[in-house]
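Down below is the structure, laid out as structure tokens.
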Amino acid sequence: MQIICLQENLKQALNITERIIGKNLTLPILNNLLLATENNRLRISSTNLEIGINCWVPGKIEKDGSITVPAKLLSGFIGNLPNKKIELKTKDSQLYLGCENFKAVLRGIDAKDFPIIPKIKNSPLIKIKSEVLKTALAQVAEMAAISEVRPEISGVFVKIEKDLIKFAATDSFRLAEKIIYQNKLVSARAGLVSAKDGLESLNHSLIIPQRTILELVRILGEKDLLGAKEDQEVEVILGGNQILFDLGYSQVVSRLIEGQYPDYQQIIPKNLEIQATLNRNELINGIKIASLFSGKVNNIKLSIQPKKSLIEISAKDTDIGENKSQLNAKIEGKEVEITFNYRYLLDGLNNIFSDKVILGLNSASNPVVIKPVGDTSYTYLVMPIKA
């Protein structure tokens with residue numbers, strides 16, 4: 001193999017692919033990246049046997065070939081080179097690199113020993129604008145559980161229906177749901193671009209591992225990526241127990257989680273007896289201040305007082321002290337006091353982008369629903385701490 005490409009392009013591709021690689025002692029080749037020529041480009045691939053990532057780098061291919069080399073070493077070396085042309089050559093299972101006055105030789109492993117990353121050749125199920133997909137996934141991904149006992153809730157649930165796509169995640173203590181509505185997105189010239197045979201024929205439910213979602217969000221959030229466009233579309237392709245996200249310049253392939261996702265809709269209250277509308281930033285600041293006094297238990301108390309049109313946020317710890325803050329709010333319903341883990345409240349509020357939010361509940365022992373004012377597409381639910 002012999003290739004000439006730009007340092008900047010190679011560095012970007014390495015940033016995309018190397019992040020899923022950890023230290024694997026039982027299969028050392030998983031610590032390596034696969035470099036292979038393909039269709040007059042350099043393909044860089046990585047896998048941890050759950051996720052596979054491919055990224056293509058433009059360059060001048062003088063001789064075809066392939067090799068695998070240690071990911072961290074290659075990335076570290078390339079990242080510190082000047083933004084000039086780099087020559088890569090292979091000989092006797094070694095990769096020779098040269099860039100102006102910098103040269104290196106990396107010992108590799110034969111490419112034939114690298115695990116096969118599935119190639120899914122089915123037609124795209126749907127196409128989604130990358131920015132819409134990134135935002136939707138980021139709003140739910142962190143709420144998934146880290147659980148080997150209940151693997152079905154360790155991922156993000158995706159349901160594709162006739163006129164919408166739902167994303168949901170829960171760890172049993174909090175839940176987030178994001179909906180992409182077809183008609184709204186089309187009118188906004190964003191979001192859903194097309195679907196195989198139209199959405200009317202679609203009815204798919206699947207669970208994607210949280211790690212896959214987090215990696216996809218990271219890649220979609222990278223700026224000035226290889227070949228990325230401002231209105232970049234992502235093709236979503238299913239094949240057996242695998243899912244492929246094709247970004248054009250890069251691909252993310254992942255296994256799906258088998259199992260039945262819990263019917264989370266049952267725990268979202270349909271009617272809310274108490275509703276409080278208040279400024280989102282003021283609520284976040286009040287929670288952050290109270291958290292300083294919550295001690296190791298992370299508990300803070302919200303006292304909803306409709307007669308005074310305010311919400312009092314308080315926390316107390318015998319070793320630290322106590323704090324009370326009062327926020328103006330428009331409140332309908334009865335007075336109630338309710339205790340939360342402040343971190344769970346902040347996780348939901350930080351994924352809401354409206355100026356005002358609605359807190360809805362029925363009692364101190366029932367879950368609280370948090371929604372952005374003027375946006376029905378996002379719902380966050382958090383369980384209280386019972387005294």
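Hey, any hits in segment 49-68 for a residue that's surrounded by 15 or more Cβ atoms within 10 Å (Cβ to Cβ) and touching a Cys at 6+ places or on another chain (Cβ under 6 Å)? Yes: segment 49-68 contains one or more residues that are surrounded by 15 or more Cβ atoms within 10 Å (Cβ to Cβ) and touching a Cys at 6+ places or on another chain (Cβ under 6 Å).
List the strands (runs of 3 or more DSSP E) that sit entirely inside segment 304-369 and contain at least 1 residues that are polar (S, T, N, Q) and farther than 17 Å from Met383 by Cβ. If you could, list the steps in order and put the result at the bottom.
On the way: elements: 310-317, 321-328, 330-332, 336-341, 356-361.
Where strands (runs of 3 or more DSSP E) fall fully within segment 304-369 and carry at least 1 residues being polar (S, T, N, Q) and farther than 17 Å from Met383 by Cβ, they are 310-317, 321-328.
For Glu38, the test of being in the same structural domain as Val69 (by TED's automatic domain parsing), touching a Ser or Thr at 6+ places or on another chain (Cβ under 7 Å) and under 16 Å from Ile117 (Cβ atoms) is failed. Can you spot a residue in segment 337-353 that is in contact with a Leu (Cβ under 6 Å, 6 or more places away or on another chain) and more than 24 Å from Thr135 (Cα to Cα)? Looking for residues that are in contact with a Leu (Cβ under 6 Å, 6 or more places away or on another chain) and more than 24 Å from Thr135 (Cα to Cα), one finds at least one in segment 337-353, hence yes. How about segment 370-387: which of its residues are basic (Lys, Arg) and outside any loop (DSSP other than H, G, I, E, B)? Answer for segment 370-387, where residues must be basic (Lys, Arg) and outside any loop (DSSP other than H, G, I, E, B): just Lys371.
Taken over segment 247-262, the criterion of being without any contact (Cβ under 8 Å) to a residue 60 or more places away in the chain and either among the polar types (S, T, N, Q) or in the same structural domain as Asn341 (by TED's automatic domain parsing) (or both) is satisfied by no residue. If you check Val253, Val234 for being in contact with a Pro (Cβ under 8 Å, 6 or more places away or on another chain), surrounded by 18 or more Cβ atoms within 10 Å (Cβ to Cβ) and not hydroxyl-bearing (Ser, Thr, Tyr), only one passes: Val253.
For segment 284-301, the set of residues classified as in contact (Cβ under 8 Å) with a residue 40 or more places away in the chain, under 17 Å from Val336 (Cα atoms) and not β-branched (Val, Ile, Thr) consists of Asn299 only. When you scan segment 261-283, do you find a residue that is on the phi > 0 side of the Ramachandran plot and surrounded by fewer than 18 Cβ atoms within 10 Å (Cβ to Cβ), even just one? The answer is no; no qualifying residue exists. Restricting Leu42, Leu33, Leu88, Leu6 to those that are surrounded by 15 or more Cβ atoms within 10 Å (Cβ to Cβ), in contact with a helix residue (DSSP H, G or I) (Cβ under 7 Å, 6 or more places away or on another chain) and either within 20 Å of Leu214 (Cα to Cα) or modelled with pLDDT of 95 or more (or both) reduces the list to Leu33. Taking the listed residues Lys330, Lys356, the one that is under 28 Å from Asp171 (Cβ atoms), in the same structural domain as Gln275 (by TED's automatic domain parsing) and among the basic types (Lys, Arg) is Lys356, with no other qualifying.
Taking segment 147-157 as the range and being assigned to a loop (DSSP other than H, G, I, E, B) and of a type in the set (D, E, K, R) as the test, the residues that pass are Glu148, Arg150. Here segment 286-297 is the region considered, the condition is being surrounded by 15 or more Cβ atoms within 10 Å (Cβ to Cβ) and not in a helix (DSSP H, G or I), and the residue that is modelled with the highest pLDDT is Phe293. Filtered by the rule that a residue be outside any loop (DSSP other than H, G, I, E, B) and of a type in the set (A, V, I, L, M), segment 252-274 gives Val252, Val253, Ile267, Ile274.
Which of the following residues is under 24 Å from Val373 (Cβ atoms), at pLDDT below 95 and under 29 Å from the mean Cα position of the chain (by Cα): Gln265, Gln260?
Details: Gln260 fails: under 24 Å from Val373 (Cβ atoms).
Exactly one of Gln265, Gln260 is under 24 Å from Val373 (Cβ atoms), at pLDDT below 95 and under 29 Å from the mean Cα position of the chain (by Cα), namely Gln265.
The values are calculated or read from the model by the stated rules, or taken from the named source; none is laboratory data. These numbers were taken from a predicted model, which means no experiment stands behind them. Virtual Cβ from ideal backbone geometry, glycine too; neighbours counted across all protein chains shown.
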